[in-house]
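The values are calculated or read from the model by the stated rules, or taken from the named source; none is laboratory data. These numbers were taken from a predicted model, which means no experiment stands behind them. Positions of Cβ are backbone-derived with ideal geometry, glycine not excepted, and every protein chain shown enters the neighbour counts. Protein only, heavy atoms only, side chains kept; ligands, DNA and RNA dropped before computing areas. Shrake-Rupley method; radii C 1.70, N 1.55, O 1.52, S 1.80 Å.
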Amino acid sequence: MSLIKSMADIVRPHRETETVAENSQPKIQIRNLNAYYGKQHAIEDINLDIYPGLVTAIIGPSGCGKSTMIRCINRMHEVIKGAYATGEVLVDGENIYAPDADPVRIRRRIGMVFQKPNPFPTKTVYENVIAGLRLNLPKQKKSYYDEVVERSLRSAALWDEVKDKLNAPGTALSGGQQQRLCIARALAIEPEILLLDEPASALDPTATLKIEDLLFSLKEQYTIVLVTHNMQQAARASDMTAFFMAGEDHKGRLVEYGETKEIFINPKDKRTEDYISGRLG
Amino acid sequence: MSLIKSMADIVRPHRETETVAENSQPKIQIRNLNAYYGKQHAIEDINLDIYPGLVTAIIGPSGCGKSTMIRCINRMHEVIKGAYATGEVLVDGENIYAPDADPVRIRRRIGMVFQKPNPFPTKTVYENVIAGLRLNLPKQKKSYYDEVVERSLRSAALWDEVKDKLNAPGTALSGGQQQRLCIARALAIEPEILLLDEPASALDPTATLKIEDLLFSLKEQYTIVLVTHNMQQAARASDMTAFFMAGEDHKGRLVEYGETKEIFINPKDKRTEDYISGRLG
Amino acid sequence: MHDVELARMRTRKLSAAFFYGLVIIATVLSVSILFIIISHIFMNGIGALNLDFFTQIPKPYGEEGGGIAPAIVGTLIMLAVAALIAIPVGVATAIFIVEYGQTKFATAVRFAVELLAELPSIVVGIFIWALVVRSITGYSGLAGSLALAVIMIPIIARSVEEILKLVPDTLREAALALGTPRWKVVLFIVIPTVLPGLLTSIMLAVARAAGETAPLLLTSLGNTFFNFDLRRPMAAMPLQIYSYAISPYDDWHKKAWGATLLLIALVGIISGAVKYFTRRWNHESH
Amino acid sequence: IPGSGLIKGAQAGEAKNLTGAGATFPAVLYSKWFSEYNKLTGVQVNYQSIGSGGGIKSISDMTVDFGATDGPMTDEQLAAAKGGEIVHIPAAMGAVVPTYNIPELAKVKDSLKFTPETLAGIYLGEIVKWNDDKLVADNPVLKNVNKYIVVARRSDGSGTTNIWTSYLAAVSESWAKKVGAGNSVQWPVGLGGKGNEGVAGVVKQTPYSIGYVELAYANQNKLAVGQVKNKAGKFITPNMKTASLAAQGVTLPEDMRVKLVNSDNTEAFPIVGFTWLLAYTNQTDPSKALALTRMLWWATHDGQQYCEALDYAPLPVDAIKKSEVLIKKIQVNGKQALPESISK
Amino acid sequence: MKKPWMVLREKLKLGKAADPGRLSVIRDPGDRVFSVIIGSASAFVIVLLSAFVLLLFYDSLESIERFGFSFFSGSDWNPVETELNPISFGALPFIFGTVVTSVGALILATPLALGSALFIVEYAPLWLGKIVSFIIELLVAIPSVAYGIWGLFVLVPFMRSTVEPFLQTLLEPIPMLNMLVEGPPIGQDLLTGSVILAIMILPTILSVSREILKNVPRLQKEGMLALGATKWEVLTGAVLPYARGGIVGGAMLGLARAIGETMAVTMVIGNSTTKISPSLLTPGYTIASAIANQFTEADSSIYFSAIVELGLLLLLVASAFNILAHFLTNYILKGGDARHA
Ligand SMILES: Nc1ncnc2c1ncn2[C@@H]1O[C@H](COP(=O)(O)OP(=O)(O)OP(=O)(O)O)[C@@H](O)[C@H]1O
Ligand SMILES: Nc1ncnc2c1ncn2[C@@H]1O[C@H](COP(=O)(O)OP(=O)(O)OP(=O)(O)O)[C@@H](O)[C@H]1O
Ligand SMILES: [Mg+2]
Ligand SMILES: [Mg+2]
Ligand SMILES: O=P([O-])([O-])[O-]
């Protein structure tokens, strides 16, 4: 269909030459993952390998379990009342659901950015960035904090916009700036993996594009997982795409996973095609 | 674009032969209508003529003021605290915003059906239908009520489904049935105009189609205004379509108004085209 | 519209107007009660307030003059001690309910808080009498403080719970996702976010306890002299108001009105001050 | 009074605070005493007038250092006290008087005359109006007062009530049968006031009311006080003198627990009683025991001079002698608590 | 290439720098300490509540054993033995006084509170509604004893001289109703007790009803309006039926408070155990005021035990109403429809 063709057109040209990491070691291996909200079975039997150095997009209709999925990767799923998960998630080969695994440490290594920007309202921009350091590490020299703040904000492409406002409250920034601040905050503790749950859904197109550029520049150093309901965004910003969908039983399942280009231009599954062409959702 | 073509295909064939009422007298004339929520200016300077015997659809992205618009037509807008409207709405040439106009009477003449079915939970199906009569007329004979109930439920295409459940509470019906019950309730007092605000958004496809059929059969007798966010529904069920959109300033404005066929196949405004093709919203 | 309908419209309109009138009357009555009571208290009480009133101990029966200083001091001491006990317990309970509220135990705690908050205060008096006065201290300021603390705990727990619930989960998740242990999330993220509201609700609980009489009747007994020793009976403003009000002495009546005015002013000042400081706080942080 | 003036100023080793609670009947006197005593010795005696019932209960539960009552403790109550033997130290005598508030009579000089029958009738709820024939018979002024009588009485346990009901029980058979005498009784009628203060308060606030209070409360508040017909058939105005007469010729028991109502003395007011301070003979805290015994000594000797001005009747000499014996019974660690220098 | 997390660890000279891979380590002990602390505070609350019940039960055991049910049905409260009257403790007059005053308060306060709540939610513009509810809720901040002194010196004389005589002339000719106002108007009586309680529970009922009314789905009201209903018809037809359960819940909460209220009532009700009569103008007694008056001087153990049993009764009844109120209001506020859930 023509629509899909035009989608393929907006895939960035450099993606074409990217080598897909089929034979590099996966950073995250998800094995038979099931997640529940009390009695409700939200996602069923997910198996998925996520590779370092790439942006992996998770797409699918509302309620298919995208958020649930990535929250399972840093054990944030279980902080919801009554929620629990079974199965394995291996990070660098180690199961984060092992009985002796410490969720606090896991979350320190796996940064997360949420759909709605959530800077700490009582903290300044500066303090927001180093919040993770302050909470987790012994007190450091001011110069060290200064350095981290500048580096993180630069990485988040926010430094120039806020360098004169470091002492303003985090909530005094615009929505897009707040979201980049949250990314900077996540980067400040130098995680290995960055999970982003619809990070641009609250933002206007300009801010959205900035975030996408940012992801592109970060992916060399991090393993990035991006949940989005915006097809164009998935097509533009990701290297791999996983399509999830919930069945009649409301359990979310992985329908198709592969290179973004393939998924968008040549989906193997009829449901993927329908969804991407806008017939579903 | 091909997408629009395929939309045009689903416009019912009988629409093609419909004469558009350009030279019949408009039932409702909206003149320089502005509506506010406190300080927020929700819709600006609307001018719109609505014709009897037709279904007029109002479409547009979320927040563009569709609901606000039709609530101004029966003075329901002002029941929200702090909300008010300026300008004129003429019904049969008479300004319902005139200082001596009585909103209670106006609402009695203009029926309204809401997005979420709202039968009265404490009343039976039967009592729900005649709720308006009980309010507006002195007590009538049982036989009169019986007759009205049957006629209204038949008009709402609900009679066969509920004739054995007339004494069940109104909330004991399915969502689609509840919505048709609300339509029957509105029809029972024989209004001249019927306003429907996304009447099918809470319903499944089958129930939705039933409602659309119903509108088709009612339009001879009533002036019908239908708000919908569903393009296909607007295309299928309406004769005229008004496209609203909010600017950067968040004020909703009328962008384009015309025959549904024209709007969907040959929109004059670029924004209309973008919206209908799915690029916006 | 039919004629019948139009005719009926008139009576419907009339009844709507009639009931609107009733609603207005109810509102005006309810609102005026406050003004009536406050103005009586003000007019009768203002005359009693002079330097002696604040600095002197009560005079023997039938002699004019003197003041209620021991009662003012006693109320402040007992409130302070009660707050010292009740604030940590109340806040901790609220934190438990909100942040760890998934267990059956937490539900039971909530329920207990709910019931304690609505216990008649005289019952609290009996309880503390039986537990403390009878077997440990005799009538004493400490017993009075404990009674006030028991009254404060559930009020604090309940209002702090409401306040903590206002903190969006997204904020907790933001902190958790940084790899922060739960207790740090609570202490360094959740509580600072709502600190002004927290302080307000705590102070309102303190203010409410300030006016309690019945439990003090059975625990702190009263004192005609200054007393700063918690082990001995202590005077309190509400007690003084009660005994002066029911007496036949005109001078005491005046003092009772004065003390009432003072008590209400104290409650008003506490809540006013809290509002003022929290507003400043909010201004500074935003 | 022999034994006065021995306590002048503070004493080393003496506690600086005492807590007492109980009778409201002598509270007018006590509040004066303890204010003076504080000036003299620096000892703060915190006396809370919560009613004799409260005094008895507080001393029995040992929640206070001393109690006070004007209805003597019963043998059962004495046996139930937690801290051992309790002594009743007489402090003063006083009259319990009928007091009333009839606006029509505000200007009338002469006070109303009450008989045992009318008082019992009113409190039994049998006489309900001020113009009842029985009342009018002795008080023609009441003929036109066609108003209901608002009866006021105590809501708390009270020695004043004890004296009042003992009197009614002594003079009215049906009262004795139906209601009886005691600190708290089941009242057939009436508004309850807490303490003598409360009853005086009710009478003062409520037109057409009648109540009974210790004379001091009525006089200090300028309430009208009624005369009462005594055993000899005379209407007696209550005052310090007529109250004192009630104890004349009565042999006082060693433990001083004695009721004085319905005296045989022809000039005596018939509703009179002692009021007592209650203390344990076995004290555990030497400093408190010292402060307590000194205070008791001062009260029963020097303190008596304040009675007259406040409308109480001072103790008869015989009663003071007996109280000295009782005060000396108070011991700490097996030794007399009162310093030898005073008890000589 | 150096992984970023290794840079951080090296900079901070953390011991584990060489081993970024191990996820499973001993957890932060802070969490355990913290949860123990707040857990024990919470446990304390439960202990406290249990201690209330147990201690009061223990101290009232003597009375419970001796009088059993007759404690609630007997109307003799007689602490003194006489020829005709043995010692007995029957709390019926207190229970009667409590029921009459608190139900009376409810009858007086509910229409006012409901009317004001309707005004605030349905009629007034936002700013006015806020002011009105703020003012009425300030009544909560006035201490009980302040109501007492106001009641004693202002309300009682006013009732005695104006309201009660007026009621008597008004109801005199009406059979049955005239029994309610028999006897001399004293001012200190059940009626005045009800009035002062009504004022005190007004803000409670108001704030619950206001929340409930706010929670009536707008769609329900608009459905009615769209049929051409007047505001009043919307209220009676759509709002009140929906909110009924919650409003009853608010009233229950008010009732629970009225039952336990002590000082203000004690100061105006007359404190009299005299015979139970239908007249609201008789002085009465409530359970709470009986405790306040008699607790400190219950000088025999059975008397004391009986007073404590009154306290226990108060505790149980207030809790029962509280639970009921809770159930009724939460049902509505949490979205359950009282009839069709
Ligand atoms: N806190 C929760 N409690 C119970 N069920 C939940 C909760 N959050 C999500 N669910 C359910 O789990 C399923 C998956 O939800 P999830 O939020 O993962 O979907 P999603 O794909 O992220 O949707 P969206 O695009 O709308 O964010 C849904 O059926 C949802 O209703
Ligand atoms: N009760 C209200 N108070 C304040 N603002 C409101 C209220 N209702 C709507 N608005 C605002 O008015 C504008 C128009 O809203 P409206 O509900 O008319 O949009 P809509 O086109 O019906 O959107 P949708 O498709 O989401 O229903 C929006 O900006 C909205 O935020
Ligand atoms: Mg999601
Ligand atoms: Mg809408
Ligand atoms: O002196 P009493 O208070 O017991 O009457």
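For this structure, a couple of remarks:
- Within the accessible area of the protein assembly as shown, the carbon and sulfur atoms contribute 58%, probe 1.4 Å, all protein chains present.
- Cβ-placed point charges (K, R +1; D, E -1), dipole of the stretch B:3-277 about Cα centre in debye, nearest 20: 940 debye
- Per residue accessible area in Å² of the stretch D:258-324, where ligands, DNA and RNA are left out and the probe is 1.4 Å: 30 Å²
- 1.4 Å probe, heavy atoms, protein only - residues of the stretch C:131-148 losing at least 50 Å² accessible area vs chain alone: C:Arg134, C:Tyr139
- Note that the stretch A:3-277 presents 39 Å² accessible area per residue, ligands and nucleic acids not counted, probe 1.4 Å.
- Inter-label distance for E:Ser40 and A:Gln232, nm, one decimal - labels placed 7 Å from Cα along Cα-to-Cβ: 6.0 nm
- Summed over both chains, the contact between E and D buries some 2500 Å² of accessible surface at a probe radius of 1.4 Å.
- Residues whose amide H comes within less than 5 Å of that of B:Val55, counting only those at least five positions distant or on another chain, are B:Asp239, B:Met240 (H built at 1.01 Å from N in the peptide plane).
- Rounded tilt (10° steps) of B:175-188 against the dominant C-alpha axis of chain B: 80 degrees
- Taking Lys and Arg as +1 and Asp and Glu as -1, the other residues whose beta-carbon sits under 11 Å from that of D:Thr99 total +1.
- Total accessible surface hidden between B and E, rounded to 100 Å², 1.4 Å probe: 2100 Å²
- Per residue value of the accessible surface for the stretch E:91-339 (all protein chains in place, 1.4 Å probe), Å²: 31 Å²
- Cα-projected label distance for E:Ser73 with E:Ile107, points at 7 Å along beta-carbon direction, nm: 2.7 nm
- 1.4 Å probe, heavy atoms, protein only - residues of the stretch D:175-189 losing at least 30 Å² accessible area vs chain alone: D:Lys177, D:Lys178, D:Ser184, D:Gln186
- Cα gyration tensor, chain C - rounded (a/c under 1.5), prolate or oblate: oblate
- Using the Cβ-Cβ distance between E:Ile174 and E:Ser277 with R0 = 25 Å, the FRET efficiency computed as 1/(1 + (r/R0)^6) comes to roughly 0.90.
- Direction-averaged projected area, Cα convex hull, the protein assembly as shown: 66.4 nm², rounded to one decimal.
- Each residue of the stretch C:62-71 was assigned a 3J(HN,Hα) from its phi angle through the Karplus curve 6.51 cos²θ - 1.76 cosθ + 1.60 (θ = phi - 60°); the sequence is x, 9, 7, x, x, x, 10, 3, x, 5 Hz, with glycine and proline shown as x.
- For the stretch E:161-172, 3J(HN,Hα) computed residue by residue from phi via the Karplus equation (6.51, -1.76, 1.60; θ = phi - 60°) reads 8, 10, 5, 5, x, 4, 4, 5, 5, 5, 9, 2 Hz, glycine and proline entered as x.
- Interface size, chains E and C: roughly 6500 Å² of accessible area buried, both sides included, 1.4 Å probe, rounded to the nearest 100.
- Contact order relative to length of the stretch C:52-284, as percent, for alpha carbon pairs under 8 angstrom and 6 or more apart: 28 percent
- Complex-versus-alone comparison for the stretch E:75-111, residues with a loss of 10 Å² or more in accessible area, probe 1.4 Å: E:Asp76, E:Trp77, E:Asn78, E:Pro79, E:Val80, E:Thr82, E:Glu83, E:Leu84, E:Asn85
- Of C:Gly258, C:Gly47, C:Gly211, the residue with the greatest mean-square motion in the GNM of chain C, using alpha carbon springs below 10 Å, is C:Gly47.
- Cα-based reach from A:Lys210 at 19 Å (exclusive), listing aspartates and glutamates while leaving out same-chain residues under 8 positions away: A:Glu150, A:Asp160, A:Glu161, A:Asp197, A:Glu198, A:Glu220, A:Asp239
- The modelled label-to-label distance for the pair E:Phe134/B:Ser62, using points 7 Å beyond Cα in the direction of Cβ, is 3.5 nm.
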